[in-house]
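Undergrad: This is the structure I want to talk about, given as C-alpha coordinates.
The values are calculated or read from the model by the stated rules, or taken from the named source; none is laboratory data. From a predicted model like this one, the values you see are computed outputs, not experimental measurements. No Cβ is skipped: glycine too gets one built from the backbone with ideal geometry, and neighbour counts run over all protein chains shown. Heavy atoms of the whole protein, side chains included, go into the accessibility calculation; ligands, DNA and RNA do not. Shrake-Rupley method; radii C 1.70, N 1.55, O 1.52, S 1.80 Å.
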Amino acid sequence: MMNITQAQFATVRDDFFSSREGPLADIALAGTVCGECGEVSLGSVPACPNCQSTALTPTTLSREGELYSYTIVRNRPPGDYKGGDKAGEGPFVPFPVGLVELPEGIRVLSVLDCPLDAPQVGMPMQLDIYELYRDETGQPVLSYRFRPVDEEAR
Ligand SMILES: [Zn+2]
(Lines give C-alpha, C1' and ligand atoms only; values in the text may rest on other atoms or scores of the structure.)
Protein backbone atom coordinates (compact mmCIF):
# COMPACT_ATOMS: atom_id res chain seq x y z
CA MET A 1 0.00 0.00 0.00
CA MET A 2 1.35 3.37 -1.00
CA ASN A 3 1.60 5.94 1.76
CA ILE A 4 0.57 9.06 -0.12
CA THR A 5 -0.96 12.04 1.62
CA GLN A 6 -3.26 14.75 0.34
CA ALA A 7 -0.67 17.31 -0.64
CA GLN A 8 1.36 14.77 -2.55
CA PHE A 9 -0.96 13.64 -5.31
CA ALA A 10 -3.21 14.68 -8.15
CA THR A 11 -5.94 12.57 -9.76
CA VAL A 12 -6.94 11.84 -13.33
CA ARG A 13 -10.34 13.45 -12.54
CA ASP A 14 -10.98 14.96 -9.14
CA ASP A 15 -14.76 14.55 -9.40
CA PHE A 16 -14.36 10.75 -9.67
CA PHE A 17 -12.82 10.48 -6.18
CA SER A 18 -14.61 10.74 -2.83
CA SER A 19 -11.62 12.31 -1.15
CA ARG A 20 -8.26 13.82 -1.88
CA GLU A 21 -6.91 12.73 1.48
CA GLY A 22 -5.19 9.44 2.14
CA PRO A 23 -4.89 6.68 2.98
CA LEU A 24 -5.73 5.41 -0.48
CA ALA A 25 -7.67 2.45 0.95
CA ASP A 26 -10.21 4.94 2.32
CA ILE A 27 -10.82 6.66 -1.02
CA ALA A 28 -13.86 5.51 -3.01
CA LEU A 29 -15.39 6.55 -6.30
CA ALA A 30 -17.73 9.52 -6.14
CA GLY A 31 -20.96 9.91 -8.03
CA THR A 32 -24.28 11.68 -8.18
CA VAL A 33 -27.80 10.39 -7.65
CA CYS A 34 -30.72 11.91 -9.55
CA GLY A 35 -33.49 13.07 -7.23
CA GLU A 36 -36.09 12.61 -9.98
CA CYS A 37 -35.39 9.17 -11.48
CA GLY A 38 -32.69 7.67 -9.23
CA GLU A 39 -30.08 7.36 -12.00
CA VAL A 40 -26.55 7.09 -10.57
CA SER A 41 -23.67 8.69 -12.48
CA LEU A 42 -19.90 8.52 -12.00
CA GLY A 43 -18.36 11.82 -10.97
CA SER A 44 -20.21 15.10 -11.21
CA VAL A 45 -22.58 15.69 -14.10
CA PRO A 46 -24.36 18.95 -15.01
CA ALA A 47 -27.69 17.13 -15.43
CA CYS A 48 -29.04 13.59 -15.15
CA PRO A 49 -28.12 11.68 -18.34
CA ASN A 50 -31.42 9.78 -18.07
CA CYS A 51 -34.00 12.52 -17.43
CA GLN A 52 -32.02 15.80 -17.61
CA SER A 53 -33.03 16.77 -14.06
CA THR A 54 -30.59 19.00 -12.21
CA ALA A 55 -31.83 17.75 -8.80
CA LEU A 56 -28.61 15.84 -8.16
CA THR A 57 -27.10 14.72 -4.87
CA PRO A 58 -23.44 13.77 -4.41
CA THR A 59 -22.84 10.22 -3.22
CA THR A 60 -19.97 7.86 -2.44
CA LEU A 61 -20.05 4.64 -4.44
CA SER A 62 -19.40 1.17 -3.04
CA ARG A 63 -15.83 -0.13 -3.26
CA GLU A 64 -17.00 -3.60 -4.28
CA GLY A 65 -19.14 -4.87 -7.13
CA GLU A 66 -19.47 -7.62 -9.74
CA LEU A 67 -17.87 -7.93 -13.15
CA TYR A 68 -20.69 -7.38 -15.66
CA SER A 69 -18.67 -7.71 -18.89
CA TYR A 70 -15.08 -7.42 -20.06
CA THR A 71 -12.72 -7.42 -23.02
CA ILE A 72 -8.98 -7.41 -23.67
CA VAL A 73 -7.32 -4.29 -25.10
CA ARG A 74 -4.66 -5.58 -27.49
CA ASN A 75 -3.67 -2.36 -29.26
CA ARG A 76 -2.29 0.84 -27.75
CA PRO A 77 -5.15 3.31 -27.26
CA PRO A 78 -4.71 6.51 -29.30
CA GLY A 79 -3.88 9.89 -27.81
CA ASP A 80 -2.16 10.59 -24.53
CA TYR A 81 -2.23 7.03 -23.25
CA LYS A 82 -0.21 6.49 -20.07
CA GLY A 83 -1.13 3.03 -18.84
CA GLY A 84 -0.59 -0.60 -19.69
CA ASP A 85 3.15 -0.52 -20.07
CA LYS A 86 3.51 1.57 -16.87
CA ALA A 87 5.66 4.34 -18.30
CA GLY A 88 3.99 5.11 -21.61
CA GLU A 89 7.15 3.87 -23.30
CA GLY A 90 8.34 0.57 -24.70
CA PRO A 91 6.21 -2.23 -26.10
CA PHE A 92 2.50 -2.07 -25.44
CA VAL A 93 1.22 -4.56 -22.87
CA PRO A 94 -2.36 -5.84 -23.47
CA PHE A 95 -4.70 -5.43 -20.52
CA PRO A 96 -8.27 -6.32 -19.54
CA VAL A 97 -11.01 -3.71 -19.18
CA GLY A 98 -14.53 -4.30 -17.98
CA LEU A 99 -17.79 -2.96 -16.68
CA VAL A 100 -18.07 -3.41 -12.92
CA GLU A 101 -21.63 -3.23 -11.62
CA LEU A 102 -21.88 -1.63 -8.19
CA PRO A 103 -24.74 -2.12 -5.70
CA GLU A 104 -25.94 1.41 -6.55
CA GLY A 105 -26.83 0.09 -10.02
CA ILE A 106 -24.11 1.90 -11.96
CA ARG A 107 -21.72 0.04 -14.27
CA VAL A 108 -18.27 1.60 -14.13
CA LEU A 109 -15.85 1.19 -17.04
CA SER A 110 -12.49 0.26 -15.58
CA VAL A 111 -9.12 -1.26 -16.21
CA LEU A 112 -9.02 -4.67 -14.52
CA ASP A 113 -5.93 -5.43 -12.47
CA CYS A 114 -5.55 -9.16 -13.16
CA PRO A 115 -4.08 -11.56 -15.74
CA LEU A 116 -5.70 -11.60 -19.18
CA ASP A 117 -7.28 -15.02 -18.57
CA ALA A 118 -8.64 -14.20 -15.10
CA PRO A 119 -11.82 -12.16 -15.75
CA GLN A 120 -15.10 -14.08 -15.33
CA VAL A 121 -18.52 -12.51 -15.70
CA GLY A 122 -20.13 -12.21 -12.27
CA MET A 123 -16.91 -12.39 -10.28
CA PRO A 124 -16.65 -10.12 -7.21
CA MET A 125 -14.40 -7.12 -7.82
CA GLN A 126 -12.94 -4.48 -5.53
CA LEU A 127 -11.74 -0.95 -6.12
CA ASP A 128 -8.03 -0.15 -6.17
CA ILE A 129 -6.78 3.45 -6.12
CA TYR A 130 -3.25 3.48 -7.55
CA GLU A 131 -0.52 5.65 -9.00
CA LEU A 132 -1.00 5.71 -12.79
CA TYR A 133 2.06 7.86 -13.54
CA ARG A 134 4.09 10.82 -12.28
CA ASP A 135 3.63 14.21 -13.84
CA GLU A 136 6.44 16.50 -15.03
CA THR A 137 7.00 17.72 -11.44
CA GLY A 138 7.26 14.19 -10.09
CA GLN A 139 3.87 14.32 -8.39
CA PRO A 140 1.93 11.04 -8.37
CA VAL A 141 -1.25 11.10 -10.45
CA LEU A 142 -3.81 8.64 -9.12
CA SER A 143 -6.37 6.67 -11.05
CA TYR A 144 -8.73 3.82 -10.23
CA ARG A 145 -9.11 0.23 -11.36
CA PHE A 146 -10.86 -2.88 -10.14
CA ARG A 147 -9.30 -6.22 -9.23
CA PRO A 148 -10.79 -9.59 -8.31
CA VAL A 149 -11.63 -9.96 -4.62
CA ASP A 150 -10.32 -13.52 -4.89
CA GLU A 151 -6.55 -13.16 -4.54
CA GLU A 152 -5.97 -16.31 -6.58
CA ALA A 153 -7.51 -14.58 -9.61
CA ARG A 154 -5.05 -11.66 -9.49
ZN1 LIG B 1 -32.84 11.44 -13.64
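For (1) more than 16 Å from the ligand (Cβ to nearest atom); (2) open to solvent by 40 Å² or more (accessible area, probe 1.4 Å), each residue gets a yes or a no:
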residue: VAL45; (1), (2): no, yes
residue: PRO91; (1), (2): yes, yes
residue: PRO96; (1), (2): yes, no
residue: ASP117; (1), (2): yes, yes
residue: LEU127; (1), (2): yes, no
residue: ARG147; (1), (2): yes, yes
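Undergrad: Kindly evaluate VAL121 against the criterion of being outside any strand (DSSP E or B), open to solvent by 40 Å² or more (accessible area, probe 1.4 Å) and either out of contact with any Cys (no Cβ under 9 Å at 6 or more places or on another chain) or modelled with pLDDT of 95 or more (or both).
TA: yes
Undergrad: Could you tell me which numbered condition PRO103 fails, if it satisfies all but one of (1) at pLDDT below 95; (2) surrounded by fewer than 18 Cβ atoms within 10 Å (Cβ to Cβ)?
TA: PRO103 satisfies every listed condition except (1).
Undergrad: Oh, and also: Please tell me if GLU36 is assigned to a strand (DSSP E or B) and among the charged types (D, E, K, R).
TA: The answer is no for GLU36.
Undergrad: Filtering region 50-73 down to residues that are open to solvent by 80 Å² or more (accessible area, probe 1.4 Å) and not in a strand (DSSP E or B), which residue is farthest from ASP117 (Cα to Cα)?
TA: Of everything passing the filter in region 50-73, THR54 is farthest from ASP117 (Cα to Cα).
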